[in-house]
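Inspection log for the structure reproduced underneath, given as structure tokens.
The values are calculated or read from the model by the stated rules, or taken from the named source; none is laboratory data. Everything numeric here is computed off the predicted structure, so don't read it as measured data. Cβ placement follows ideal geometry from the backbone for every residue including glycine, while neighbour counts extend to all protein chains displayed.
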Amino acid sequence: MSDEYENKAGYQAQSSETISSGGGGSGSASDIDYVRPAEIPEQDLYHGHSFISKWVFCQDAKVIGVQYFLLATFTGVIGLVLSWLMRLQLGFPGAAGFMTAEHYYQFVTMHGMIMVVYFLTALFLGGFGNYLIPLMVGARDMVFPYLNMVSFWSFFVAVGVLLASFFVPGGPTGAGWTLYAPQSILEGTPGSGWGIILMCVSLILFVAGFTMGGLNYMITILQARTRGMTLMRMPLTVWGIFTATVLAMLAFPALLVGALMMTLDNVLGTSFFMPTILKAGEVLEYGGGSPILFQHLFWFFGHPEVYIVALPAFGIVSDLISVHSRKNIFGYRMMVWAIVGIGGLSFFVWAHHMYVSGMNPWFGFFFATTTLIIAIPTAMKVYNWILTLWRGNIRLNVVMLWCLGFIVTFVNGGITGIFLGNVSVDVPLSDTYFVVAHFHMVMGIAPLMVIMGAIYHWFPLVAGRFLNETLGKWHFWLTFLGAYSIYFPMHYLGFIGVPRRYFEMYDSPYMTSAVGMNEFISMAAFIVGAAQFILIFNIIKTLKTGKPAGHNPWQANSLEWLTPSVPPEHGNWGDKLPIVHRWPYDFSVPGSKEDFITQTTPPSEVVETEVEKT
Amino acid sequence: MSDHKIEGYEFKPGFKGMAHDTGSDQTMFKGVHWGKAMMWIFLLSDTFIFSCFLISYMKGRGSTLVDWPNTSEVFGLHVFGVEVPLLLIALMTFVLITSSGTMALAVKYGYEKNRKMCGWLILATAIGGLIFVGMQAYEWSKLIHEGVRPWENPFGAPQFGSFFFMITGFHGTHVSIGVIFLFIYAYKTFAGHYDEGKKGWFTTMKGDYVEIEILGLYWHFVDLVWVFIFAFFYLW
């Protein structure tokens, strides 16, 4: 299969860019291997000695990454349990005896906020970002290790404050994850006192903590790469995380300001977002504020947030697909520019979440146009993933299964996104289960599949052992088929007009066809949720007894697999920093003895092959 | 910036040079200290925070139904029997901009390794900042005394009080944090930490006069933001 590919593929076409054995005989090995000397002196690292400075208040980005990963997963499991409780109520009303409508709203709100911010964002940027960035760009650590540590502990406190809201009078806020004013702080909404204040404080802490981390990620990528590592030689994972970090640095300010103003409205009685309100015949003290302002602030954060989650997923999946189909990523530069383009465009589409908020209709026209333009770079990426797979030497292991699952799911969610991006289609579908199905597909399940693939891919690096493949396949198929059983029917529920965020359908005419479907969806949700514990079991089991992975078990090219010790130690590279000579995608190069050429392989060792100059 | 040389690297002028630097390995901003790059990016993020504040203020001022108070009266000062509009704010702005000047000089003397001058100028900047915060506290107490609160305002729209206290408060917090750091840096300068390259607190990086430039960036930013707040709040 791969031989045939080598013969037919047009690698020779780029002969001007190719270092061939015949051409340019003048250069000796040392000439073509030349990489300019280091610009910056070696980073001086603080090595912890006690248990606390090594594992708790640790300044090693890898440990911080694992800490982020564990805490985000812990919060994610809480979000998962909340979704179970919601599905229990929706599928079998009254089955959870204690559940009132107030509880239901609180669970919806906390599930949304936890999954989007405290689980996915923290996991991708805090978890994968911390672990992979220094390793992939060839740095010893993040540039500001102390700040990085404070970043994690701010996140820790933010999660603590968030979870504390379950135990305060009135419970957590039940305003929906968008926290729209004025209802989020008016009496009658659950958690309108303590709950919403703690939510805002927690978000402010999260933003502060993230800013510290984000500065680290950006400066490490821009200013601390190793010799030979140009921006266009970075793995797409790093590009995805980098662009997402830039988005976060520019989008989180809007959330910070919105949360601060909402706290003041609540605590001091200001009226930033509060219009004149008549309640039970009485005029409240509020007046003159603008509820739409909050929506603008929230979605100026909220939409880039979608891409803060999606872009690292795009980057990671590109690397996984390339490694496991033994082919270079198709259109690397196009992929990079698509990531950057999506990132830029994501700041001009936020009001497509507000078509029914009462904006000027021309706004809807503008934002529908920008929204649909985003389909272009995203579609380019999907085509490139498929073209990377095309005639590749595919290893159909668990990692690849998750990647394929991601592509299918992402296309699915993306297409419903085109429906909802159009104002005239969106208006009747607004606030129905169609929207729920769309965003869960595109930014819930799809990035989650990438996370799962990434766990199976990088676990051998972090722990030095493979995860169990059989358990992994069970985990994949249950999750994949189960997730489709949940969200496919939801599209239909949306079409027949079942509204989202309703505690119960009561005696509405949709009931007859929706009841059976709701029961089915709930059953599937219980199974998918339970299937996730297979992964946790798998991790615990293989941590001690798994098959040892050794060095570079996937025959990958990127730097994180080329550390002297597995798992890498503090400082990553032993005595000498790696020197990079090429991009990380030289797979199946014609003429090469093995089907991969690592980034550190000097050109003089591969003059016999038809490797591209990158 | 002064010309610096990097072994094996050829600088190119203009836009081409920018592209050349971007496409090169190791660093994108050649010869730029990590901390300095970090400060620039942090300030970019902070710019978005203040932009959100000011845009919210414009939106809030636009959507309230009650008249906005006449700012030149509200911020007027009664001196020697005459009403002078915007007097206090003019003084505050003058002090803050002057402190930016002393900061710039401190950076210059720092790079010349003139420890004494550098230290004194940082101290002067810190005192300028302190005077600014003091005058702001006076302005706040004057307004509070006249009955302006975050939730109400005897002169007109209650949003005036809300936005005024929130935005100037947020800016004042920035100035106060800057003042604290200025005092710390003044101490470190006088103690010679930057001459000896002594390691700082909570970091393994060696002390260098570039840190004064980094703090200077922050201070100039706070000053620049004030100009916008001044224009939007007091002159509009």
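Quick notes on this one:
- With respect to the conditions (1) more than 7 Å from every other protein chain (Cβ to nearest Cβ); (2) on the phi > 0 side of the Ramachandran plot; (3) without any contact (Cβ under 8 Å) to a residue 60 or more places away in the chain, B:Lys5 falls short on a single one, namely (2).
- Failed item in (1) surrounded by fewer than 24 Cβ atoms within 10 Å (Cβ to Cβ); (2) facing chain B (nearest Cβ under 8 Å); (3) touching a Gly at 6+ places or on another chain (Cβ under 9 Å), with A:Phe252 passing the rest: (1)
- A:His440 being modelled with pLDDT of 95 or more and under 14 Å from the mean Cα position of the chain (by Cα): yes
- One residue stands out in segment B:123-150 among those that are of a type outside the set (Val, Ile, Thr), crowded, with 17+ Cβ neighbours inside 10 Å and over 18 Å from B:Leu88 (Cα atoms): the one that is farthest from the other protein chains (Cβ to nearest Cβ), namely B:Ala124.
- Single residue of B:Thr71, B:Thr47 found to be within 30 Å of A:Pro291 (Cβ to Cβ), more than 11 Å from chain A (Cβ to nearest Cβ) and within 30 Å of the chain's Cα centre (by Cα): B:Thr71
- If the condition is being more than 26 Å from A:Thr369 (Cβ to Cβ) and surrounded by fewer than 24 Cβ atoms within 10 Å (Cβ to Cβ), then segment A:403-443 contributes A:Leu404, A:Ile407, A:Val408.
- For segment A:475-529, a residue qualifies if it is out of contact with any Leu (no Cβ under 7 Å at 6 or more places or on another chain), part of a helix (DSSP H, G or I) and among the polar types (S, T, N, Q), and the qualifying residues are A:Thr479, A:Ser485, A:Thr512, A:Ser513.
- Any chance A:Thr121 is of a type in the set (Ser, Thr, Tyr) and in contact with an Asp or Glu (Cβ under 8 Å, 6 or more places away or on another chain): yes
- Among the candidates B:Ile144, B:Ile180, the residue that is in the same structural domain as B:Thr98 (by TED's automatic domain parsing), at pLDDT below 95 and of a type outside the set (S, T, N, Q) is uniquely B:Ile144.
- You will find that of B:Glu213, B:Glu139, the residue that is assigned to a helix (DSSP H, G or I), more than 22 Å from A:Phe272 (Cα to Cα) and either out of contact with any Leu (no Cβ under 8 Å at 6 or more places or on another chain) or among the hydroxyl-bearing types (Ser, Thr, Tyr) (or both) is B:Glu213 and no other.
- Unmet requirement for B:Trp201, which otherwise passes all of (1) outside any helix (DSSP H, G or I); (2) over 29 Å from B:Asp67 (Cα atoms); (3) touching a Phe, Trp or Tyr at 6+ places or on another chain (Cβ under 7 Å): (3)
Yes/no matrix, rows are residues, columns are (1) surrounded by fewer than 19 Cβ atoms within 10 Å (Cβ to Cβ); (2) touching a residue at least 24 places away in the same chain (Cβ under 8 Å); (3) more than 30 Å from A:Asn412 (Cβ to Cβ):
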site	(1), (2), (3)
A:Phe488	yes, yes, no
A:Asn557	no, yes, yes
A:Glu560	no, yes, yes
A:Pro564	yes, no, yes
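- Test for B:Leu65: is it of a type in the set (A, V, I, L, M, F, W, C), over 19 Å from B:Trp219 (Cβ atoms) and surrounded by 15 or more Cβ atoms within 10 Å (Cβ to Cβ): no
- In segment B:183-210, the residues that are touching a residue at least 24 places away in the same chain (Cβ under 8 Å) and either β-branched (Val, Ile, Thr) or within 13 Å of chain A (Cβ to nearest Cβ) (or both): B:Thr189, B:Met205, B:Asp208, B:Val210
- Selection of segment A:382-402 for residues being assigned to a helix (DSSP H, G or I) and farther than 17 Å from A:Met443 by Cβ yields A:Tyr383, A:Asn384, A:Trp385, A:Ile386, A:Leu387, A:Thr388, A:Leu389, A:Val398, A:Val399, A:Met400, A:Leu401.
- The set of residues in segment A:255-300 being among the hydrophobic types (A, V, I, L, M, F, W, C), surrounded by 18 or more Cβ atoms within 10 Å (Cβ to Cβ) and part of a loop (DSSP other than H, G, I, E, B) consists of A:Phe272, A:Phe273, A:Met274.
- Only one of B:Lys30, B:Lys12 that is surrounded by 13 or more Cβ atoms within 10 Å (Cβ to Cβ), more than 7 Å from chain A (Cβ to nearest Cβ) and either in a loop (DSSP other than H, G, I, E, B) or of a type in the set (Gly, Ala, Ser) (or both): B:Lys30
Matching residues to (1) surrounded by fewer than 19 Cβ atoms within 10 Å (Cβ to Cβ); (2) among the aliphatic types (A, V, I, L, M); (3) part of a helix (DSSP H, G or I); (4) on the phi > 0 side of the Ramachandran plot:
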position	(1), (2), (3), (4)
A:Val157	yes, yes, yes, no
A:Pro169	yes, no, no, no
A:Gly176	yes, no, no, yes
A:Ile197	no, yes, yes, no
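- When we screen A:Pro134, A:Pro93 for residues that are out of contact with any helix residue (DSSP H, G or I) (no Cβ under 8 Å at 6 or more places or on another chain) and touching a residue at least 60 places away in the same chain (Cβ under 8 Å), the only hit is A:Pro93.
- In segment B:50-69, the residues that are assigned to a helix (DSSP H, G or I) and touching a residue at least 60 places away in the same chain (Cβ under 8 Å): B:Phe50, B:Phe53, B:Leu54, B:Ser56, B:Tyr57, B:Met58, B:Gly60, B:Arg61
- Qualifying residue in segment A:211-232 (condition: closer than 15 Å to A:Glu305 by Cα and either surrounded by fewer than 21 Cβ atoms within 10 Å (Cβ to Cβ) or touching a residue at least 12 places away in the same chain (Cβ under 8 Å) (or both)): yes
One line per residue, one yes/no per condition, for (1) closer than 19 Å to A:Ala164 by Cβ; (2) in a helix (DSSP H, G or I):
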| site | (1), (2) |
| --- | --- |
| A:Gly79 | yes, yes |
| A:Leu85 | no, yes |
| A:Phe98 | no, no |
| A:Gln106 | yes, yes |
| A:His111 | yes, yes |
| A:Val116 | no, yes |
| A:Ala139 | no, no |
| A:Ser151 | no, yes |
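- Checked against (1) more than 21 Å from the chain's Cα centre (by Cα); (2) within 11 Å of chain B (Cβ to nearest Cβ), A:Phe210 passes all but a single condition, namely (1).
- Matching residues in segment B:52-62 - criterion: being surrounded by fewer than 19 Cβ atoms within 10 Å (Cβ to Cβ) and either at the interface with another protein chain (Cβ under 8 Å from one of its Cβ atoms) or of a type in the set (Lys, Arg) (or both): B:Lys59, B:Arg61
- Once segment A:235-248 is narrowed to residues that are facing chain B (nearest Cβ under 10 Å) and crowded, with 24+ Cβ neighbours inside 10 Å, the residue that is nearest to A:Asn130 (Cα to Cα) is A:Thr245.
- Members of segment A:150-181 that are within 14 Å of chain B (Cβ to nearest Cβ) and touching a Phe, Trp or Tyr at 6+ places or on another chain (Cβ under 6 Å): A:Ala181
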